[in-house]
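Engineer: My questions all concern the structure below.
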Ligand SMILES: C[S@@+](CC[C@H](N)C(=O)[O-])C[C@H]1O[C@@H](n2cnc3c(N)ncnc32)[C@H](O)[C@@H]1O
């Protein structure tokens, strides 16, 4: 064993049956191979307490529920920060899985908050975690730090969209799960095959697809106990550029929450990194404001130039009309004189 298993993961009939449903395929934010990989991981490790962060319509929730259907005592806990489905705000987060599954005690769904707002209420250690949220920093870096203390020894972590940055030119910021795939210690699993390009058909970025994918877009890590002593690997990544900013109040609450689980030196690191990122945010906003007022000034200058040109044209026309009138009068006098002298 050298730390990486590249695995074939086909042949799960229940998964293939689900994938025959076109409506399911449309809302699931995973390719068929990624779905089969997720199934393979569940069947291989047989987790009992599953945690999913990032529900959307509930595509991956439905897959996980199907995979644990016959596993006695296995329960899925799903968290999403949005109450409403982020692609269609007229629907609730998880609506699709709820409709398909109906009422079940195998699924507990929590929406409207970040992981730290729920973790203590579960009173559980999770042996399986799927992270599929923002894919941009700080995204899953913070999600992972929030859930890691609640993961059992040798739990399995699945990261989705580990190669999102390779899918389309405008997605090059979506590196977070690739970073985690490298930073977290443990035995790693990736699928052997993967579609060259996959993205839900309605996605606006489709036009910028790159035609080939160089690495799979999903991976799993059977977490090694050594991670406890290497958690700096994850905290350190927080200093990389952030592409969105959770509310300042939430960042401070996350800091308080992390204090309960990590050594003081990591909290100091977290706080100084967050302060740094907030300063960068302020500078970026200032640059954006300056750029906006520069553009506004340019637009005003163009408007003024246009008015000057108009005034110039009007003034010249008046002058021209005046001169023409004078010339006509003079010409009339000349004509009169000429007629008289004849
Ligand atoms: C890519 S979608 C999830 C797709 C879903 N796992 C599937 O395969 O069908 C991402 C979801 O994560 C949610 N989200 C984003 N950031 C989050 C965070 N930090 N914590 C919880 N949910 C988050 C979004 O509201 C969205 O519903």
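Engineer: Quick one: residue 254 ticks every box in (1) assigned to a strand (DSSP E or B); (2) not assigned by TED's automatic domain parsing to the domain that holds residue 153 bar one, so which box is it?
Structural biologist: (1)
Engineer: Continuing with this model, one more query. How about segment 11-21: which of its residues are touching a helix residue (DSSP H, G or I) at 6+ places or on another chain (Cβ under 6 Å) and outside any helix (DSSP H, G or I)?
Structural biologist: Once the filter is applied, which keeps residues that are touching a helix residue (DSSP H, G or I) at 6+ places or on another chain (Cβ under 6 Å) and outside any helix (DSSP H, G or I), segment 11-21 yields only 12.
Engineer: Out of segment 151-196, which residues are in a helix (DSSP H, G or I) and either out of contact with any helix residue (DSSP H, G or I) (no Cβ under 7 Å at 6 or more places or on another chain) or under 23 Å from residue 231 (Cβ atoms) (or both)?
Structural biologist: Result: 166, 176, 177, 178, 179, 180, 181, 182, 183.
Engineer: Now a separate question. Across segment 27-39, what is the total count of residues that are away from the ligand (no atom under 11 Å from the Cβ) and either touching a residue at least 40 places away in the same chain (Cβ under 8 Å) or assigned to a strand (DSSP E or B) (or both)?
Structural biologist: Number satisfying all stated conditions: 4.
Engineer: Being surrounded by fewer than 20 Cβ atoms within 10 Å (Cβ to Cβ) and either assigned by TED's automatic domain parsing to the domain that holds residue 128 or in a helix (DSSP H, G or I) (or both): is that true of residue 78 here?
Structural biologist: Criteria not met by residue 78.
Engineer: On the basis of being more than 19 Å from residue 163 (Cβ to Cβ), away from the ligand (no atom under 11 Å from the Cβ) and part of a helix (DSSP H, G or I), does residue 24 make the cut?
Structural biologist: no
Engineer: Can you tell me which residues in segment 92-117 are buried (at least 18 other Cβ atoms within 10 Å of the Cβ), in contact with a strand residue (DSSP E or B) (Cβ under 7 Å, 6 or more places away or on another chain) and over 28 Å from residue 248 (Cα atoms)?
Structural biologist: Answer for segment 92-117, where residues must be buried (at least 18 other Cβ atoms within 10 Å of the Cβ), in contact with a strand residue (DSSP E or B) (Cβ under 7 Å, 6 or more places away or on another chain) and over 28 Å from residue 248 (Cα atoms): just 107.
Engineer: I would also like to ask the following. I'd like to know if segment 51-62 contains one or more residues that are out of contact with any helix residue (DSSP H, G or I) (no Cβ under 8 Å at 6 or more places or on another chain) and either surrounded by fewer than 20 Cβ atoms within 10 Å (Cβ to Cβ) or within 18 Å of residue 124 (Cβ to Cβ) (or both).
Structural biologist: Within segment 51-62, none of the residues are out of contact with any helix residue (DSSP H, G or I) (no Cβ under 8 Å at 6 or more places or on another chain) and either surrounded by fewer than 20 Cβ atoms within 10 Å (Cβ to Cβ) or within 18 Å of residue 124 (Cβ to Cβ) (or both).
Engineer: May I ask you to list the residues in segment 200-226 that are touching a strand residue (DSSP E or B) at 6+ places or on another chain (Cβ under 7 Å) and either at pLDDT below 80 or farther than 18 Å from residue 136 by Cα (or both)?
Structural biologist: Across segment 200-226, the qualifying residues are 205, 208, 209, 210, 220, 221, 222, 223, 224, 225.
Engineer: Restricting attention to segment 50-57, does a residue exist that is touching a residue at least 40 places away in the same chain (Cβ under 8 Å), part of a loop (DSSP other than H, G, I, E, B) and farther than 28 Å from residue 186 by Cβ?
Structural biologist: Yes: segment 50-57 contains one or more residues that are touching a residue at least 40 places away in the same chain (Cβ under 8 Å), part of a loop (DSSP other than H, G, I, E, B) and farther than 28 Å from residue 186 by Cβ.
Engineer: Kindly indicate which of 167, 142 is farther than 19 Å from residue 58 by Cβ, within 11 Å of the ligand (Cβ to nearest atom) and in contact (Cβ under 8 Å) with a residue 24 or more places away in the chain.
Structural biologist: 142 is the lone residue from the list that is farther than 19 Å from residue 58 by Cβ, within 11 Å of the ligand (Cβ to nearest atom) and in contact (Cβ under 8 Å) with a residue 24 or more places away in the chain.
Yes or no, residue by residue, for (1) assigned to a loop (DSSP other than H, G, I, E, B); (2) more than 9 Å from the ligand (Cβ to nearest atom); (3) at pLDDT 95 or above; (4) under 30 Å from residue 170 (Cβ atoms):
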{"position": "110", "(1), (2), (3), (4)": "no, yes, yes, no"}
{"position": "113", "(1), (2), (3), (4)": "yes, no, yes, yes"}
{"position": "128", "(1), (2), (3), (4)": "no, yes, yes, no"}
{"position": "137", "(1), (2), (3), (4)": "yes, yes, yes, yes"}
{"position": "149", "(1), (2), (3), (4)": "no, yes, yes, no"}
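Engineer: Return a yes/no flag: does segment 48-56 have any residue that is over 23 Å from residue 25 (Cβ atoms) and more than 12 Å from the ligand (Cβ to nearest atom).
Structural biologist: yes
The values are calculated or read from the model by the stated rules, or taken from the named source; none is laboratory data. These numbers were taken from a predicted model, which means no experiment stands behind them. Quick reminder, even Gly has a Cβ in these numbers, built from the backbone with ideal geometry, and neighbours come from all protein chains shown.
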